[in-house]
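The values are calculated or read from the model by the stated rules, or taken from the named source; none is laboratory data. Since we're looking at a predicted model, the values are computed, not measured. Every residue, glycine among them, receives a Cβ derived from its backbone with ideal geometry; neighbour counts consider all protein chains shown. Calculation scope for accessible area: heavy atoms of the full protein, side chains included, ligands and nucleic acids excluded. Shrake-Rupley method; radii C 1.70, N 1.55, O 1.52, S 1.80 Å.
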Amino acid sequence: MRLQVLGTAAGGGVPQWNCGCPGCRGARANPSWRRLHASLAIEAGSGQVFLVNATPDIGEQIETCAWLRPAGRSSALAGVILTDAELDHTLGLARLREADTLRVVATDTVRQAVNEILAMLEPYVTIEWLTFADIGAEAVPVSGKRPRYASARPPGAWVSALRWAGLLYAPAMGVWPDVTAGDAEVLFVDGTFYTDAEPLSFGQRTATQMGHLPIEATRGRLARLGTRCLYTHLNNTNPLVDPGSPLHEGLGVEVARDGMVIDL
Ligand SMILES: [Zn+2]
Ligand SMILES: [Zn+2]
């Protein structure tokens with residue numbers, strides 16, 4: 001299995017079009033600070049490539065991935081795995097409407113929600129829904145937080161970590177996944193906010209209330225695991241988007257970068 005990180009930002013990206021915070025200003029001045037929405041390409045063997053989450057950047061992200069270069073009118077894209085139903089992880093499905101059939105892996109809860117909001121795609125593309133078990137993977141529950149558009153829907157498997165072979169991918173994590181460190185070779189973990197209070201600079205809720213364990217609460221435990229851990233899904237307010245931030249020193253956990261490739 002090989003992985004290519006296609007993006008490492010939370011909703012809005014870095015920079016976000018309507019934001020002038022230090023992280024967004026830095027990214028406008030220094031292209032090396034820029035991050036696309038969090039996504040991962042997984043080459044699972046025999047040329048089959050899965051994308052984890054379908055972000056608004058998905059078209060550009062596919063172009064950065066040599067494994068997904070089409071031959072004629074056929075793509076190596078074997079499917080899209082959804083870890084949740086948030087708009088920044090699902091809107092990209094609309095950009096893939098040129099496909100005849102699209103295979104999408106999701107929990108029942110996420111499938112029902114996405115089917116409803118993307119009903120407009122029906123005349124364009126046939127979505128073939130698969131379960132995590134269908135591809136030999138597992139959805140590990142990490143939060144019951146619903147997207148705002150689905151706030152009236154019942155509780156369910158709203159947010160999962162993807163566990164697949166040696167990979168655990170958890171771009172949103174409200175609670176620790178119920179797995180032991182020895183199960184994974186590499187862990188991608190929710191790095192949306194550095195502190196719990198950080199999102200109060202632009203909203204009413206703390207990181208925890210938004211379904212994201214902050215880095216200040218996870219870094220110690222991750223550093224002690226002895227497994228390779230990388231933070232991803234950074235919000236543009238996260239001070240770690242500045243590569244020169246002193247917070248990088250002694251962090252004890254890697255920060256994922258767009259474009260990095262990892263062999264498992
Ligand atoms: Zn997100
Ligand atoms: Zn910003």
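Filter the range 211-241 for residues that are assigned to a loop (DSSP other than H, G, I, E, B) and open to solvent by 50 Å² or more (accessible area, probe 1.4 Å) and give the result. Give the derivation first.
Pass one, the range 211-241, residues assigned to a loop (DSSP other than H, G, I, E, B): 211-214, 226-227, 233, 235-238.
Once the filter is applied, which keeps residues that are assigned to a loop (DSSP other than H, G, I, E, B) and open to solvent by 50 Å² or more (accessible area, probe 1.4 Å), the range 211-241 yields only 226.
Screening residue 117 against (1) at pLDDT 95 or above; (2) under 23 Å from residue 12 (Cβ atoms); (3) open to solvent by 30 Å² or more (accessible area, probe 1.4 Å) leaves a single unmet condition, (1).
The set of residues from the range 1-23 being buried (at least 22 other Cβ atoms within 10 Å of the Cβ) and either over 25 Å from residue 185 (Cβ atoms) or aromatic (Phe, Trp, Tyr) (or both) comprises 13, 14, 15, 23.
Within the range 208-264, being of a type in the set (A, V, I, L, M) and free of Cβ contacts under 8 Å to residues at least 24 places away in the same chain holds for one residue alone: 217. Scanning the range 1-42 for residues that are polar (S, T, N, Q) and assigned to a helix (DSSP H, G or I) yields a single hit, 32.
Regarding residue 59, is this residue more than 15 Å from ligand 1 (Cβ to nearest atom) and not hydroxyl-bearing (Ser, Thr, Tyr)?
Working: more than 15 Å from ligand 1 (Cβ to nearest atom): yes; not hydroxyl-bearing (Ser, Thr, Tyr): yes.
Against the criterion (more than 15 Å from ligand 1 (Cβ to nearest atom) and not hydroxyl-bearing (Ser, Thr, Tyr)), residue 59 qualifies.
The number of residues in the range 92-113 that are crowded, with 18+ Cβ neighbours inside 10 Å and within 23 Å of residue 75 (Cα to Cα) comes to 8. When residues in the range 170-203 are screened for being closer than 21 Å to residue 239 by Cβ, assigned to a loop (DSSP other than H, G, I, E, B) and open to solvent by 20 Å² or more (accessible area, probe 1.4 Å), 6 of them pass. In the range 86-102, of all residues being within 11 Å of the chain's Cα centre (by Cα) and of a type outside the set (Ser, Thr, Tyr), the one that is farthest from residue 56 (Cα to Cα) corresponds to 86.
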